[in-house]
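Here's the structure we're looking at; comments come further down.
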Amino acid sequence: MLANLGYFSLVLTFVAALYGAGAAAYGAVRRRPALVESARHAMLLTWPLVTLASLSIIALLVGRHYEVKYVAAVTSNAMPTYLKVTALWGGQAGSLVFWSWLLSAFATAASLRRWERDREFLPWVIVVTMITLAFFISLVIFFENPFQRLWQTLDGRQVSALFQPSGTIPLFPTDGQGLNPLLRHPGMVIHPPMLYLGFVSFVIPYAFAIAALVTRRTDDRWIRITRRWTLVAWLFLSLGLILGGRWAYDVLGWGGYWGWDPVEIAAFMPWLTGTAFLHSVMIQEKRGMLKHWNMLLIILTYSLVIFGTFLTRSGVLSSVHAFAQSAIGPMFFGFIGLTFVVSVSLLMNRWGELRGENHLGSVFARESLFLLNNLLFMGILVVCFWGVLFPLISELFTGQKVTVGPPFYERATGPLWVGLLFLMGVAPLSAYGATSWRSLGRGLWKLLLLSLIVPAALYFSGVTLAGALIGYWLIGFVAIVTLVEFWRGALARHRRHAESLPLAFWRMAIRNRRRYGGYIIHLGVVLMAIGIIGIEMFQTETQGTLARGESLSLGRYTLTYESLAQFDTADGRNVARAVVQVSRDGRNLGDLYPRRDFYYASQQPMTIPGVRSSLQDDFYVLLVGWEPIAQEGATFKIYHNPAVNFVWMGGLIFIAATLLAAWPTREFDGLREAATARAVVARA
Amino acid sequence: MQRSLKVYLVLMAIAAPVLIASAAVQPPPPSDDEVNAIAHQLYCPVCENVPLDVCPTQACAQWRATIRDKLAQGWSEAQIKDYFVEQYGERVLATPPARGLNWLVYVLPPAAFLAGAFVLYRAFRSWGQNSEPLVPTAPDADGDPYVARLEEELRRRS
């Protein structure tokens, strides 16, 4: 019953979305406001409908309806209720419904907020969002249906179908397989929704961009309308990536947080184009330039969002042939291709109308540096895209699978990251318009010189690795430039008003959230970079098999194996848990409990590290293996991860600052103000 | 997992006395770190994108045991890697060897980057030759006079 209700609400959503897209387009072209209004109503209907479908799935999951295939696949009796609810996005079919739910919610929010103001754009926003929604819903109702039930044929085979196939009887399992144990982690519960929020929110700026192209409103209006959407999308995507990293560090048991896995890269690619976009739209807002480029960037971001979902959902990564067999793969492929080609042709068609209002004054002007920044981000994107795609191409053409692993990405993107760090330091010192090399140099040289203190201090404290010294030098440089920028801002207010410096600083930041939020984000990146260089260049590891009481040393740390216990738990795990004592320079730091959980149902082991964290480093212990109790030996792998906690601290600052930048201002109505401001400046 | 480990440990238990007995004439048995140093550069065909040194599956434990055996027999790192390539194909390597179609892996990204840089260079040149006067920059949308002044300061330095 519940399953039927959910299914039919999805079918209705599909119909409503298709009608909405069609009616909005027709109504806009033929100028029939009544039809557009009707399309809008159809669109407003989609969110309650998908909500109903999602609630039905959740009710089935929580109600232990294991006769539904999806429920049996992702939940089990042993799972707590909150995990059953979040199993909505734990499997393929459910996560596609969740995606659709978010999209319908955002489409509704985008059109409800400023319907009157954005009247000319909104029909086309409806068209774009509803076509995307119809696509995702069609995947769900035709290929990956979460409401399919299990049936048993007379010869005992198990089949799944929505309605009872002839010659079958309903099957009522009493328990399910349960969610993949790797996903039963609090980080994994919130990580996918964050990524999806990020993915889906990028659809809205894209929709406005297409609307701007169709309606020939090619000024920066669409950018200003979607400025906050873009920031929010970027915020969630960043948060999703950081949470994913933390999850990997806590659960996957390989001593790191980022493995250049295609699934990670799938989420990273839209982040790259999104970040480039966030930077380059500022140039369009300020100088009326780069209009083509911004359009292209948002089109790319949208395509990469769909591509990312495709990569993780179609099975293409495990094998090209799995992709060809799954119906969902070619559908995705077709949809990405079609939307990309249509968007780019539309852009080509409007190319002439997107001419810049301004031209470049100098190679050292801030807009040029932003373009360089974009070039570097695109370079990283190409590396990522190619690295993910190449194994598929190789398999397709030569039949041979190859691995494109971390060393490739690290070597290829390393210099590009260094370039970005350098630009992050230089760009705030350059001015818009015509900046000469001399004037930029005049602002630059003192700070560059000052920042040399960082590598010098490191060198004298024993760091001799050239790469690390250069990296930390640039980090120091960016930090100094950014802090000086804050200082200049605070000083400007302080001199004029009788405000104390901290107050002046605070007011300055609050009144110019995007500017100073952006600079604080840069500081977050600086902190993260400290940690990334720390773990990339200075991580050490060792492994050894110890009898009870024996020790294993790594650097200043010593680990002593005390005991090991092995036991079954009520939720279907076999746990082997070791107790090890950790000391540094002979001083006892306490015990750690690395363990290995073995999930009986899924026959899957999971390695949970024991970690001793401090600001300067992590001591990270894995239980690799153990001998029968009688011999009481165990093998441990230990990692020393210097500065890794800067990654998480930087991440927190990064997210908080993005929130600050995206936070609504009361007097915000950038549209009119910027136009008047530009007019005033022009007159003066 | 535990079973594989047991198998492995039993194997080691059998091998250990042999190794110890021959210790007088042979170098000491390879350490875990030596095994991991090689395993870190290899990927098994089953576990996607998990390097062999940290992969917890049974198959990978057996591979590590193989590496240990080969090391004990005096094989070099290159020989061991070649052995795995011969057995399981080039996909066991962390990056594809640069020959045949694989060249594309290494050539395309730098080529694309250079092409992008060239386009950018051309754009800079063509913009630079444009002699129309610059349209003044719009101040921040929020219209904060201080930010405008900060930007002005940067410009005046020239």
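Does region B:116-131 contain at least one residue that is among the small types (Gly, Ala, Ser) and at pLDDT 85 or above?
Here is the first cut: in region B:116-131, the residues among the small types (Gly, Ala, Ser) are B:116-117, B:123, B:126, B:128, B:131.
So of that shortlist, the ones also at pLDDT 85 or above come out as B:116-117.
Within region B:116-131, one or more residues are among the small types (Gly, Ala, Ser) and at pLDDT 85 or above.
Would you tally the residues in region A:453-505 being polar (S, T, N, Q) and under 19 Å from residue A:525 (Cβ atoms)?
Initial filter on region A:453-505 (polar (S, T, N, Q)): A:461, A:464, A:482, A:500.
Okay, now just the ones that are also under 19 Å from residue A:525 (Cβ atoms), so A:482.
Residues flagged as polar (S, T, N, Q) and under 19 Å from residue A:525 (Cβ atoms) within region A:453-505 amount to 1.
Say whether the condition of being at pLDDT below 85 and touching a helix residue (DSSP H, G or I) at 6+ places or on another chain (Cβ under 9 Å) is met by at least one residue in region B:16-26.
Yes, region B:16-26 has at least one match.
Each row is one residue, and each column tells you yes or no for (1) among the hydroxyl-bearing types (Ser, Thr, Tyr); (2) buried (at least 17 other Cβ atoms within 10 Å of the Cβ); (3) assigned to a strand (DSSP E or B).
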| site | (1), (2), (3) |
| --- | --- |
| A:34 | no, no, no |
| A:38 | yes, no, no |
| A:49 | no, yes, no |
| A:56 | yes, yes, no |
| A:64 | no, yes, no |
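Looking at region A:298-317, which of its residues are within 14 Å of another protein chain (Cβ to nearest Cβ) and in contact with a Gly (Cβ under 8 Å, 6 or more places away or on another chain)? Before you say what the answer is, go through the steps one by one.
First, pick out the residues of region A:298-317 that are within 14 Å of another protein chain (Cβ to nearest Cβ): A:300, A:311-312, A:315-317.
A:315, A:316, listed by residue number.
If a residue must be among the basic types (Lys, Arg) and either within 7 Å of chain B (Cβ to nearest Cβ) or in contact with a Phe, Trp or Tyr (Cβ under 9 Å, 6 or more places away or on another chain) (or both), how many such residues does region A:399-415 contain?
We begin by selecting, within region A:399-415, every residue among the basic types (Lys, Arg); these are A:401, A:411.
Subsequent filtering for residues that are either within 7 Å of chain B (Cβ to nearest Cβ) or in contact with a Phe, Trp or Tyr (Cβ under 9 Å, 6 or more places away or on another chain) (or both) retains A:401.
Residues that pass the stated criteria total 1.
Residues that are loosely packed, with under 14 Cβ neighbours inside 10 Å and among the charged types (D, E, K, R): list the helices (runs of 4 or more DSSP H) wholly contained in region A:394-492 that include at least 1 such residues. Before the answer, list the steps.
On the way: elements: A:406-426, A:437-451, A:453-460.
Those helices (runs of 4 or more DSSP H) span A:406-426, A:437-451.
Which one of A:392, A:371, A:421, A:396 is out of contact with any Lys or Arg (no Cβ under 7 Å at 6 or more places or on another chain) and facing chain B (nearest Cβ under 10 Å)?
Numbers: A:392 fails: facing chain B (nearest Cβ under 10 Å); A:421 fails: facing chain B (nearest Cβ under 10 Å); A:396 fails: facing chain B (nearest Cβ under 10 Å).
Criteria check complete, one pass: A:371.
Here is a check on your reading of the model: is residue B:57 touching a residue at least 40 places away in the same chain (Cβ under 8 Å) and facing chain A (nearest Cβ under 10 Å)? Spell out the reasoning first.
Numbers: touching a residue at least 40 places away in the same chain (Cβ under 8 Å): yes; facing chain A (nearest Cβ under 10 Å): yes.
It is true that residue B:57 is touching a residue at least 40 places away in the same chain (Cβ under 8 Å) and facing chain A (nearest Cβ under 10 Å).
Pull out all pairs, ordered by first then second residue, where Cβ-Cβ is under 7 Å, the residues are six or more apart or on different chains, the first lies in region A:493-517 and is touching a residue at least 24 places away in the same chain (Cβ under 8 Å) and in a helix (DSSP H, G or I), and the second is aliphatic (A, V, I, L, M) and crowded, with 18+ Cβ neighbours inside 10 Å.
Qualifying pairs under 7 Å: A:513/A:661; A:514/A:661; A:516/A:508; A:516/A:509; A:517/A:657; A:517/A:661.
For the subset of region B:40-50 comprising residues that are more than 7 Å from chain A (Cβ to nearest Cβ) and touching a Pro at 6+ places or on another chain (Cβ under 8 Å), which member is farthest from residue A:639 (Cα to Cα)?
Once the filter is applied, the top-ranked residue is B:42.
With the condition kept exactly as written, say whether any residue in region A:128-139 is more than 30 Å from residue A:33 (Cβ to Cβ) and either more than 31 Å from the chain's Cα centre (by Cα) or of a type outside the set (Lys, Arg) (or both). Please lay out each step first, then the result.
To start, the set of residues in region A:128-139 that are more than 30 Å from residue A:33 (Cβ to Cβ) comprises A:139.
So of that shortlist, the ones also either more than 31 Å from the chain's Cα centre (by Cα) or of a type outside the set (Lys, Arg) (or both) come out as A:139.
The answer is yes; a qualifying residue exists.
Taking the criterion of being aromatic (Phe, Trp, Tyr) and within 13 Å of the chain's Cα centre (by Cα), would at least one residue in region A:233-243 satisfy it?
Keep residues of region A:233-243 that are aromatic (Phe, Trp, Tyr), which gives A:234, A:236.
Filter once more, keeping what is within 13 Å of the chain's Cα centre (by Cα): A:234, A:236.
Yes; the residues of region A:233-243 include at least one that is aromatic (Phe, Trp, Tyr) and within 13 Å of the chain's Cα centre (by Cα).
Looking at region A:171-237, what helices (runs of 4 or more DSSP H) fall wholly within it and have at least 2 residues that are aromatic (Phe, Trp, Tyr) and surrounded by 20 or more Cβ atoms within 10 Å (Cβ to Cβ)?
On the way: elements: A:186-201, A:203-215, A:221-225.
It comes to A:186-201, A:203-215.
Kindly provide the set of residues from region A:391-445 that are small (Gly, Ala, Ser) and closer than 30 Å to residue A:317 by Cα, ordered by number. Walk me through how you get there before you give the answer.
Restricting attention to region A:391-445, the residues satisfying the condition of being small (Gly, Ala, Ser) are A:394, A:399, A:405, A:412, A:414, A:419, A:425, A:427, A:430-431, A:433-434, A:436, A:439, A:441, A:443.
Answer for region A:391-445, where residues must be small (Gly, Ala, Ser) and closer than 30 Å to residue A:317 by Cα: A:394, A:399, A:405, A:412, A:414.
Which of the helices (runs of 4 or more DSSP H) contained wholly in region A:280-365 include at least 1 residues that are at pLDDT 90 or above? Can you show your working first?
Details: elements: A:291-313, A:320-325, A:328-349.
Counting at least 1 such residues, we get A:291-313, A:328-349.
So if I check each of B:150, B:104, which one is within 8 Å of another protein chain (Cβ to nearest Cβ) and either closer than 30 Å to residue A:518 by Cα or modelled with pLDDT under 85 (or both)? Talk me through it step by step, then tell me what you get.
On the way: B:104 fails: either closer than 30 Å to residue A:518 by Cα or modelled with pLDDT under 85 (or both).
Only one candidate qualifies: B:150.
Go through A:588, A:574 for me and flag whichever is modelled with pLDDT of 90 or more and more than 21 Å from residue A:553 (Cα to Cα).
Details: A:588 fails: more than 21 Å from residue A:553 (Cα to Cα).
Matching residue, one of A:588, A:574: A:574.
Exactly one of (1) more than 25 Å from the chain's Cα centre (by Cα); (2) among the β-branched types (Val, Ile, Thr); (3) within 10 Å of another protein chain (Cβ to nearest Cβ) is unmet by residue A:342. Its number?
Among (1) more than 25 Å from the chain's Cα centre (by Cα); (2) among the β-branched types (Val, Ile, Thr); (3) within 10 Å of another protein chain (Cβ to nearest Cβ), the lone unmet condition for residue A:342 is (3).
Can you tell me which residue is modelled with the highest pLDDT among those in region A:599-637 that are of a type in the set (A, V, I, L, M) and in contact with a Ser or Thr (Cβ under 6 Å, 6 or more places away or on another chain)?
Filtering region A:599-637 down to residues of a type in the set (A, V, I, L, M) leaves A:601, A:606, A:608, A:611, A:615, A:621-624, A:629-630, A:634.
This time we only want the ones that are in contact with a Ser or Thr (Cβ under 6 Å, 6 or more places away or on another chain), so: A:622, A:624.
Working: A:622: 93, A:624: 87.
Out of the qualifying residues, it is A:622.
The values are calculated or read from the model by the stated rules, or taken from the named source; none is laboratory data. Since the structure is predicted, the reported quantities are computational estimates derived from the model, not experimental observations. Here Cβ is always computed from backbone atoms with ideal geometry, including for glycine, and neighbour counts include all displayed protein chains.
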